[in-house]
Amino acid sequence: DGRPYIDYIVGRIFKDDELILTGFETGQLNLVMASDDEWERYQRDNARVLEFISERYEFLGFNFSNPVFSGEQGRALRKAIAYGIDRQSIISDVHLGHAAQTDLPIHPNSWLLSDHANAYGYDPSKAKEIIEGIGTEGISLRLITNSYNPIRLKVADMIAEDLENIGIEIIKDYPESVPDNLTDEMVDSQWMEVTNQISRGNFDMALTGWHLSPAQDLSFAFHSSQIRTGTNFIRYRNPGMDEALLIAFGESNEGNRLEAYREIEKIIIEDLPYVSLYFKNNALLIDEKVKGDIEPCFHNPYKNIRNWYIPKNFQ
């Protein structure tokens, strides 16, 4: 008759993510969304882990108010940085493989992404060659991040080491250890300090991230009108990008919209306002009681929920 197989769903509220996963591990919950890179440790017998690429995008943003990033030499420096960061090692060592490398802030499963979207593999020799060619050996750049997040701290340290290896001195403008007595208030306070630094333009590079919308409108990040709002915190200005973003956001025709996104993609790859790192993975943890056509995706982790069911022996 078209009705879902499951009559009703009971939602439970927990204090934090760890308690949610513990609730699944102990059988209090039948299904949970997990963003913890170590979700395998919460698995139970006969439970399933359906992993998918989330909307959580990580990147390195540049302060375009700094003359070192301006002009052709600045673009070349950004390319050297892109080639110089070993993103696969970061994904493997920090995220245990639970992330997807990207060169663009466009979801890897999006229909807007072209087959030519990935251009910057890890190539330290090429990075050094670029650095030598533009004569910026020994340049110093300040890197900021919210390092009371232990994941960001590890990633920042790995990026700093990679860039030191290609001839860029990195000044770690962040606490280099996580306090043993870390509290939520301390995490929030440090994040506020970082956002204040960013809003004042008191940085060279910022390691941070966005939760990107499935709508894929990137105006907030790259349109020059968003510099004053703070979301274009890198202070990036490019008339070609402004025009392409306006077309992409306002265009109802799919073909024209796709053409505009091809232009956005081209500008990002060539001009590198960000060095994109990766999209983190999420997972849907499901116990043996829930069956059916379960296919989570970044824009709807509960896709096809009307086709899920509970076998009679568990009812």
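Is it the case that the stretch 291-306 has a residue that's in a helix (DSSP H, G or I) and either exposed (fewer than 15 other Cβ atoms within 10 Å of the Cβ) or modelled with pLDDT under 90 (or both)?
Yes, there is a match, as at least one residue in the stretch 291-306 is in a helix (DSSP H, G or I) and either exposed (fewer than 15 other Cβ atoms within 10 Å of the Cβ) or modelled with pLDDT under 90 (or both).
Restrict the check to the stretch 275-296 and report whether at least one residue is touching a helix residue (DSSP H, G or I) at 6+ places or on another chain (Cβ under 8 Å), under 30 Å from residue 26 (Cα atoms) and free of Cβ contacts under 8 Å to residues at least 60 places away in the same chain.
Within the stretch 275-296, one or more residues are touching a helix residue (DSSP H, G or I) at 6+ places or on another chain (Cβ under 8 Å), under 30 Å from residue 26 (Cα atoms) and free of Cβ contacts under 8 Å to residues at least 60 places away in the same chain.
Given the structure, is residue 199 surrounded by fewer than 20 Cβ atoms within 10 Å (Cβ to Cβ), in the same structural domain as residue 169 (by TED's automatic domain parsing) and assigned to a loop (DSSP other than H, G, I, E, B)?
no
Suppose we filter the stretch 81-101 for residues that are outside any helix (DSSP H, G or I) and touching a strand residue (DSSP E or B) at 6+ places or on another chain (Cβ under 8 Å); how many remain?
6
Among the residues of the stretch 262-295, write down those that are in contact with a strand residue (DSSP E or B) (Cβ under 8 Å, 6 or more places away or on another chain) and under 15 Å from residue 108 (Cβ atoms).
Those that are in contact with a strand residue (DSSP E or B) (Cβ under 8 Å, 6 or more places away or on another chain) and under 15 Å from residue 108 (Cβ atoms): 268, 276, 277, 278, 279, 280, 281, 282.
What are the residue pairs meeting all of these: first residue in the stretch 93-107, first residue among the polar types (S, T, N, Q), second residue buried (at least 17 other Cβ atoms within 10 Å of the Cβ), Cβ atoms under 7 Å, and 6 or more apart or on different chains?
Pairs that qualify, where the first residue is among the polar types (S, T, N, Q) and the partner is buried (at least 17 other Cβ atoms within 10 Å of the Cβ), are 101/87; 101/91; 101/278; 102/276; 102/278; 102/279.
Tally time: how many residues in the stretch 271-315 are within 17 Å of the chain's Cα centre (by Cα) and basic (Lys, Arg)?
Looking only at that region, the number is 1.
Residue check, residue 136 against (1) surrounded by 21 or more Cβ atoms within 10 Å (Cβ to Cβ); (2) touching a Gly at 6+ places or on another chain (Cβ under 9 Å), all met but one. Which one?
(1)
Evaluate the stretch 226-242: report whether one residue or more is hydroxyl-bearing (Ser, Thr, Tyr) and part of a helix (DSSP H, G or I).
No: the stretch 226-242 contains no residue that is hydroxyl-bearing (Ser, Thr, Tyr) and part of a helix (DSSP H, G or I).
Report, by residue number, each residue of the stretch 145-186 that is among the charged types (D, E, K, R) and touching a strand residue (DSSP E or B) at 6+ places or on another chain (Cβ under 7 Å).
152, 164, 169, 172, 173
If you check residue 282 against the conditions, is it surrounded by 15 or more Cβ atoms within 10 Å (Cβ to Cβ) and in a strand (DSSP E or B)?
Yes; evaluated as a whole, the condition is true for this residue.
With the requirement that a residue be at pLDDT 95 or above and either over 23 Å from residue 297 (Cα atoms) or of a type in the set (D, E, K, R) (or both), what does the stretch 95-119 give you?
103
Could you say whether any residue in the stretch 98-114 is assigned by TED's automatic domain parsing to the domain that holds residue 180 and more than 22 Å from residue 210 (Cβ to Cβ)?
no
Let me confirm something: among 127, 117, which residue is of a type in the set (A, V, I, L, M, F, W, C) and not in a loop (DSSP other than H, G, I, E, B)?
Answer to the selection: 127.
Given the condition assigned by TED's automatic domain parsing to the domain that holds residue 234, part of a strand (DSSP E or B) and modelled with pLDDT of 90 or more, answer yes or no: does some residue in the stretch 62-80 qualify?
yes
So which residues in the stretch 152-180 are surrounded by 18 or more Cβ atoms within 10 Å (Cβ to Cβ), in contact (Cβ under 8 Å) with a residue 40 or more places away in the chain and within 22 Å of residue 56 (Cα to Cα), if there are any at all?
Listed by number, the residues that qualify are 152, 155, 156, 159.
Output the number of the condition that residue 92 fails; it satisfies all remaining conditions of (1) surrounded by 18 or more Cβ atoms within 10 Å (Cβ to Cβ); (2) at pLDDT 95 or above.
That leaves (1) as the condition not met.
The values are calculated or read from the model by the stated rules, or taken from the named source; none is laboratory data. In this text, all values refer to a predicted model and were calculated from it rather than measured experimentally. Note that we place each Cβ from the backbone using ideal geometry, even for glycine, and neighbour counts take in every protein chain shown.
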